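Take a look at this one; I'll ask things after.
The values are calculated or read from the model by the stated rules, or taken from the named source; none is laboratory data. Model, not experiment: these values are computed from the prediction. Cβ sites come from the backbone with ideal geometry, for glycine too, and all protein chains shown count toward neighbours. Keep in mind that these areas ignore ligands, DNA and RNA; they rest on the heavy atoms of the full protein, side chains included. Shrake-Rupley method; radii C 1.70, N 1.55, O 1.52, S 1.80 Å.
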Amino acid sequence: GFEGLNVLDRDNRLMNDRASSMDALANISNGTYTHQNLHADSSQGSGNDNNIINSYREASKILTDPFVSRVNVVAVPGIKEPFVTDHISDLVRDYSQAIYLMDIPSYDSNGNRIHNTTTLPDVQKTIDEFEGRAIDNNYVATYFPDVIFNDDVNRTSQDAPSSVAALKALGYNDAIAYPWFAPAGFNRGALNNVENTRVRLNAEDRNILYEARINPIANFPNGGFVIFGQKTLQQDRSALDRVNVRRMLLEVKRIVGEIANGLIFENNTPQTRARFISQVTPSLGAIQANQGVDQFQVIMDASNNTPE
């Protein structure tokens with residue numbers, strides 16, 4: 001049997017988007033590898049059992065295991081295969097401590113999946129294919145299109161998936177503000193070292209992408225390239241269809257959870273409950289003072305802590 005990487009094939013060796021895609025135009029199709037340079041009896045598996053897809057699925061399982069990991073942002077830059085990304089989306093929702101910046105496949109005007117950096121994506125075809133997946137998950141956000149970064153170190157231009165641009169925005173947002181501020185717009189969503197995008201978006205493109213819950217990366221005169229949206233992939237319209245609201249609740253959950261862990265196995269008495277309230281209240285007060293919430297109330301009494 002064959003269970004490893006084909007080092008004779010560049011895509012397979014790098015475990016990149018083409019190598020992990022089950023699309024008919026990719027290297028994997030119906031479980032076979034069209035450029036494998038291997039014996040005809042060799043197989044890398046199909047679907048979830050494909051060795052590359054399974055590797056990413058297992059890695060994401062470890063990354064979202066609360067007993068071994070403590071992440072608040074998950075990304076697998078450049079990997080767009082739904083066998084992988086849908087699985088990570090489900091894991092992150094179960095983990096409920098992180099947001100997933102998901103890359104989605106791009107399609108050309110004929111509806112063909114794009115695996116290279118030379119074919120221009122078609123905005124409407126990409127939206128149509130994405131909406132057909134019917135994802136509904138407020139722990140996930142996605143962005144479009146992919147970008148071209150200016151690499152100051154090597155003095156060259158580098159292609160990068162849109163999730164890398166989103167990671168940059170979240171990192172900058174958290175450096176100058178807080179997780180509950182929107183990582184978008186000219187103040188916190190500007191991408192200073194992005195010199196181009198895989199396709200230039202016009203105003204209509206931005207609007208239809210945003211309606212499809214895909215956050216556009218757009219260029220503005222004198223404004224440069226900017227992330228101009230912060231929607232999650234929740235379908236219903238509510239506060240949780242915004243990235244900053246989801247991240248604010250994740251931060252609150254993390255803070256309250258850490259305080260609660262310090263009281264595990266303590267007696268369920270009024271004194272213990274009072275300790276919990278005395279520790280949680282100033283933490284939530286700090287979030288309130290920094291514009292995270294308008295008001296809050298901590299309830300820890302016999303009404304939600306019964307003897308059972």
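May I ask which residue of Gly132, Ile114, Ala239 lies farthest towards the positive end of the charge dipole of the chain, with charges of +1 (Lys, Arg) and -1 (Asp, Glu) on Cβ and the Cα centre as origin?
Among Gly132, Ile114, Ala239, the one farthest towards the positive end of the dipole of the chain is Ala239.
Considering the Cα trace of the chain, what is its radius of gyration and what is Dmax, both in angstroms?
Looking at the chain, its Cα Rg and Dmax stand at 22.2, 71 Å.
Which one, Ile135, Ile104, Ile264, has the greatest fluctuation when you compute a Gaussian network model over the chain with C-alpha springs under 10 angstrom?
Ile264
Right, next: What distance in nm separates the simple spin-label points at Asp86 and Val199, each placed 7 Å from Cα in the Cβ direction?
Placing both labels 7 Å along Cα→Cβ, they lie 2.3 nm apart.
If one computes the Cα centroid of segment 42-103 and of segment 191-264, what distance in Å separates the two points?
Spelled out, the Cα-based centre of one part sits 20 Å from the other.
Here's a follow-up. Say we join alpha carbon atoms closer than 10 Å with springs in a Gaussian network model of the chain; which of Gly285, Gly229, Gly262 then has the biggest fluctuation?
Gly262
Which residue, Thr232, Thr118, Thr126, tops the fluctuation ranking in a GNM of the chain built on C-alpha contacts under 10 Å?
Thr118
Also, I was wondering about something else. How about segment 228-308: which trypsin sites (Lys or Arg not before Pro) there lie in a loop by DSSP and see at most 15 other Cβ atoms within 10 Å?
On the way: sites: Lys231, Arg237, Arg242, Arg246, Arg247, Lys253, Arg254, Arg273, Arg275; in loops: Arg237.
Hits after loop and neighbour filter: Arg237.
With every protein chain kept in place and ligands, DNA and RNA left out, what is the accessible area per residue of the chain? Probe 1.4 Å, answer in Å². Mind dumping the intermediate values first?
Values: 15820 Å² over 308 residues.
Computed with neighbouring chains in place, this is 51 Å² per residue.
Hey, another quick one. Tell me, in nm to one decimal, what length is gained between Leu263 and Glu129 on full extension, where the rule is 0.36 nm per residue of separation less the Cα-Cα distance? Mind showing how you got there, number by number?
Values: separation 134, 0.36 × 134 = 48.24 nm, distance 4.82 nm.
Computed gain between Leu263 and Glu129 is 43.4 nm.
Considering Cα pairs under 8 angstrom that are at least six residues apart, work out the relative contact order of the chain and quote it in whole percent. Before the final figure, lay out each step's value.
Numbers: 496 pairs, mean separation 37.1, N = 308.
Once divided by the residue count of the chain, the mean separation gives 12 percent.
How long is segment 187-286 along each principal axis, judged by its Cα atoms, biggest number first, in Å?
61, 31, 20
With the contact rule set at Cα under 8 Å and sequence spacing of 6 or more, what percent relative contact order holds for segment 120-215?
Values: 91 pairs, mean separation 34.5, N = 96.
Relative contact order for segment 120-215 comes out at 36 percent.
Still on this structure, I have one more. Under the rule of at least 5 residues apart or a separate chain, name every residue whose amide H is placed under 5 Å from the amide H of Asp151.
So Asp151 has HN proximity to Thr156, Ser157, Gln158.
Mind listing which chymotrypsin sites (Phe, Trp or Tyr not before Pro) in segment 162-247 are in a DSSP loop and have 11 or fewer other Cβ atoms within 10 Å? Don't skip to the end; give the middle numbers.
Working: sites: Tyr172, Trp180, Phe181, Phe186, Tyr210, Phe225, Phe228; in loops: Trp180, Phe181, Phe228.
Listed in order of number, the matching sites amount to none.
Kindly point out which whole DSSP H helices in the chain project their C-alpha atoms 20 angstrom or further along the helix axis while averaging a Kyte-Doolittle hydropathy of 0.0 or above.
Values: long enough: 162-176 (22 Å, 0.62); 243-261 (27 Å, 0.28); 270-289 (28 Å, -0.05).
Both cut-offs are met by 162-176, 243-261.
Of Ala177, Val164, Ile227, which is farthest towards the positive pole of segment 144-255's charge dipole, taken about the Cα centre with +1 and -1 on the beta-carbons of Lys, Arg and Asp, Glu respectively?
Ala177
To the nearest 20 Debye, how big is the dipole of the chain about its Cα centre, given +1 on the beta carbon of each Lys and Arg and -1 on that of each Asp and Glu?
Working: 27 positive and 37 negative charges, 162 e Å.
Result for the chain is approximately 780 debye, rounded to the nearest 20.
Relative contact order for segment 163-276: what percent, with Cα pairs under 8 Å and sequence separation of 6 or more? Present the calculation step by step, with values, prior to reporting the outcome.
Working: 129 pairs, mean separation 25.2, N = 114.
Here the relative contact order equals 22 percent.
What is the Cα radius of gyration of segment 94-219 over 2.2 N^0.38 Å, N being its residue count? Working shown, then result.
Numbers: Rg = 14.8 Å, N = 126, 2.2 N^0.38 = 13.8 Å.
After normalising by residue count via 2.2 N^0.38 Å, the value is 1.07.
How large is the dipole of segment 115-157 about the Cα centre if only Lys and Arg carry +1 and Asp and Glu carry -1, each at its Cβ, rounded to the nearest 20 debye?
Working: 3 positive and 8 negative charges, 21 e Å.
Here the size comes out at about 100 debye.
Then there is this: Expected output is a single nm value to one decimal: the length gained when fully extending between Thr118 and Thr156, i.e. 0.36 nm times separation in residues minus the C-alpha distance. What is it? If you can, show how the numbers build up before the last one.
On the way: separation 38, 0.36 × 38 = 13.68 nm, distance 1.72 nm.
Gain in length upon complete extension: 12.0 nm.
Further, regarding this structure: 222 nm [θ] for the chain, helices only, -39500 (n - 2.57) per DSSP H run of 4+, per residue, to 500? Don't jump to the answer; show the numbers that get you there.
Working: 10 runs with 112 residues, N = 308.
So the helix-based figure for the chain works out to -11000 deg cm²/dmol.
Another question, if that's okay. Whole percent per 10 Å bin, from 0 to the bin with the longest distance: what is P(r) over all C-alpha pairs of segment 124-174?
Calculated over all Cα pairs of segment 124-174, the distribution is 20, 40, 28, 11, 1 percent.
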